[in-house]
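In what follows, a single structure is set out as structure tokens and then discussed.
The values are calculated or read from the model by the stated rules, or taken from the named source; none is laboratory data. The shown structure was predicted, so the numbers you read here are calculated from the model rather than taken from an experiment. Backbone-built Cβ (ideal geometry, glycine too); neighbour counts: all protein chains shown.
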Amino acid sequence: MKLAECEVIVTAPPAPGWGGRYWILVKVTTACGIVGWGECYAASVGPDAMGAVIGDVFGRYFEGENPENVERLFRRVYSSGFTQRPDLTVMGAFSGLEIACWDILGKARERPVWALIGGRMWDRVRLYTYLYPLEHHEIAAFWTSPEMAAESARAVVDQGYTAVKFDPAGPYTMRGGHQPAMSDISMSVAFCKAIREAVGDKADLLFGTHGQFTTAGAIRLGQALEPYLPLWYEEPIPPDTIDAFERVADAVRIPVATGERMTTKAEFAAALKAGVAILQPALGRSGGIWETKKIAALAEVYNAQMAPHLYAGPVEWAANLHLATATPNLLIAETIDTPFHRALIKDSIEVDRGFTALGDAPGLGIEVDEALARAHPFDGDGLHLQMQDAPCDYVNGNSFEGGAPPKT
């Protein structure tokens, strides 16, 4: 087999846009006509620029190569430009293309990807969901309402989910780490209290942040949340302050999790050394399936667990689930269960009472609705996700609207 063609399709989920403003899908075709699908979780440049990066990486390293040679492909891209170090944008391009290679290999061998990377470890993969507004909720009010969050949590637990994630401690500001406002700490405690009372011991609480606090600020907030026994404290400090994770992990009695904005084993190994207990790679950014399998092996050595992250489309979700199925130190995997997510892969993966079980369908086991993807092009000028410019408001409090809502 030889890789012959690559096409980038940027599709925008309809409002309210759960999963980001757009998803970057890659369609890779071999000379013998086998099609593989991947997804790039890369948000630091716009989709047009990212499409050019993907095309360059494919033409420079993938075109004409055997898709079996994922190790050689990784080393070529990782070392591109005489760098030999993690590069968020280039490795994001590589990750989506690498996922497509595994889809091709599985289809060529008529075996699922999980069977090619170690075999089935889990018959069912445990899933969690972010808390989203219910139909009768006012979306703008939802993000600062512990009562609405508790109602949403009860609803998803009734669907069978055993873990729910929420992140009321905004803002996510480009100004770097900040001390949380006391009102943000109070709001976070109120969310934990209301959700814990709503779900009891039927579900874990997953407290999300997005790297917005100083080390001292993260410790203040984390210690206030301890009575509610969250399963994790997600990305409490910026991802470029790796050593400081150790101070947070030592001071807060909640397992520290991180990884959404990290790439390759080099960055994840440093996080493990700093005491991170739960790794959250997004496979469309972390280096693809094989590199993330190595990250999982590193985590085993540290007695840490894997919780693949998803704030993207269903192609990356499928890759996450194949890795999860074959990973012994899996904790849980994120899911976004919207009609558009389901339709884009023609309902080829089913969520059943908060779990999913991958079958023997070849490759990623999904059927991408290419016409639907093309029918929803992105016409905005924002990035997939963006930090805000405004600083933390210590007078009036803060409200961060979840996700990245598209134009309506």
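It is to be established whether one or more residues within region 246-255 are outside any helix (DSSP H, G or I) and of a type in the set (A, V, I, L, M, F, W, C). Looking for residues that are outside any helix (DSSP H, G or I) and of a type in the set (A, V, I, L, M, F, W, C), one finds at least one in region 246-255, hence yes. Residues considered: Ala115, Ala153. Of these, the only one that is closer than 29 Å to Ser186 by Cα, assigned to a helix (DSSP H, G or I) and not hydroxyl-bearing (Ser, Thr, Tyr) is Ala153.
Results for (1) surrounded by fewer than 21 Cβ atoms within 10 Å (Cβ to Cβ); (2) acidic (Asp, Glu); (3) within 16 Å of Ala277 (Cα to Cα), shown as yes or no for each residue.
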position	(1), (2), (3)
Phe207	no, no, yes
Thr214	yes, no, no
Ala224	yes, no, no
Leu229	yes, no, yes
Pro238	yes, no, no
Phe245	no, no, yes
Arg253	yes, no, yes
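Could you tell me which residue of region 261-282 is nearest to the chain's Cα centre (by Cα), considering only residues that are within 19 Å of Thr215 (Cβ to Cβ) and part of a loop (DSSP other than H, G, I, E, B)? The residue in question is Arg261.
The set of residues in region 170-181 being out of contact with any Cys (no Cβ under 7 Å at 6 or more places or on another chain) and modelled with pLDDT under 95 consists of Gly170, Tyr172, Met174, Arg175, Gly176, Gly177. Considering Ala373, Ala390, the condition of being farther than 20 Å from Val45 by Cβ, in contact with a strand residue (DSSP E or B) (Cβ under 8 Å, 6 or more places away or on another chain) and at pLDDT below 95 is satisfied by Ala390 alone. Of all residues in region 149-164, those being surrounded by fewer than 20 Cβ atoms within 10 Å (Cβ to Cβ), touching a Leu at 6+ places or on another chain (Cβ under 9 Å) and either without any contact (Cβ under 8 Å) to a residue 24 or more places away in the chain or under 17 Å from Phe207 (Cβ atoms) (or both) number 2. Pairs meeting the criteria (first residue in region 320-340 and surrounded by fewer than 24 Cβ atoms within 10 Å (Cβ to Cβ), second residue modelled with pLDDT under 95 and in a helix (DSSP H, G or I), beta carbons under 7 Å, at least 6 apart or on different chains) are lacking. Taking (1) at pLDDT 95 or above; (2) out of contact with any strand residue (DSSP E or B) (no Cβ under 7 Å at 6 or more places or on another chain); (3) not in a loop (DSSP other than H, G, I, E, B) in turn, Phe58 satisfies each apart from (2). Checked against (1) touching a strand residue (DSSP E or B) at 6+ places or on another chain (Cβ under 8 Å); (2) part of a loop (DSSP other than H, G, I, E, B), Ala324 passes all but a single condition, namely (2). Of the residues that sit in region 116-130 and are touching a residue at least 60 places away in the same chain (Cβ under 8 Å) and of a type in the set (A, V, I, L, M), which one is farthest from Ile336 (Cα to Cα)? Of everything passing the filter in region 116-130, Ile117 is farthest from Ile336 (Cα to Cα). Inspect region 91-103 for any residue being among the charged types (D, E, K, R), in contact (Cβ under 8 Å) with a residue 24 or more places away in the chain and surrounded by 19 or more Cβ atoms within 10 Å (Cβ to Cβ) and give the result as yes or no. Within region 91-103, one or more residues are among the charged types (D, E, K, R), in contact (Cβ under 8 Å) with a residue 24 or more places away in the chain and surrounded by 19 or more Cβ atoms within 10 Å (Cβ to Cβ). With the checklist (1) touching a Cys at 6+ places or on another chain (Cβ under 9 Å); (2) in a loop (DSSP other than H, G, I, E, B); (3) not aromatic (Phe, Trp, Tyr) in hand, flag the one item Asp184 doesn't pass. Failed condition: (2). Among the residues making up region 20-56, those that are out of contact with any helix residue (DSSP H, G or I) (no Cβ under 7 Å at 6 or more places or on another chain) and within 30 Å of Leu134 (Cα to Cα) are Gly20, Arg21, Trp23, Ala43. Within region 222-245, if we keep just the residues that are among the acidic types (Asp, Glu) and either assigned to a loop (DSSP other than H, G, I, E, B) or touching a strand residue (DSSP E or B) at 6+ places or on another chain (Cβ under 7 Å) (or both), the residue that is farthest from Cys192 (Cα to Cα) turns out to be Asp240. The number of residues in region 218-242 that are at pLDDT below 95 and either on the phi > 0 side of the Ramachandran plot or of a type in the set (D, E, K, R) (or both) comes to 1. Of the residues making up region 224-235, at least one is without any contact (Cβ under 8 Å) to a residue 60 or more places away in the chain, touching an Asp or Glu at 6+ places or on another chain (Cβ under 9 Å) and within 21 Å of Asn320 (Cβ to Cβ).
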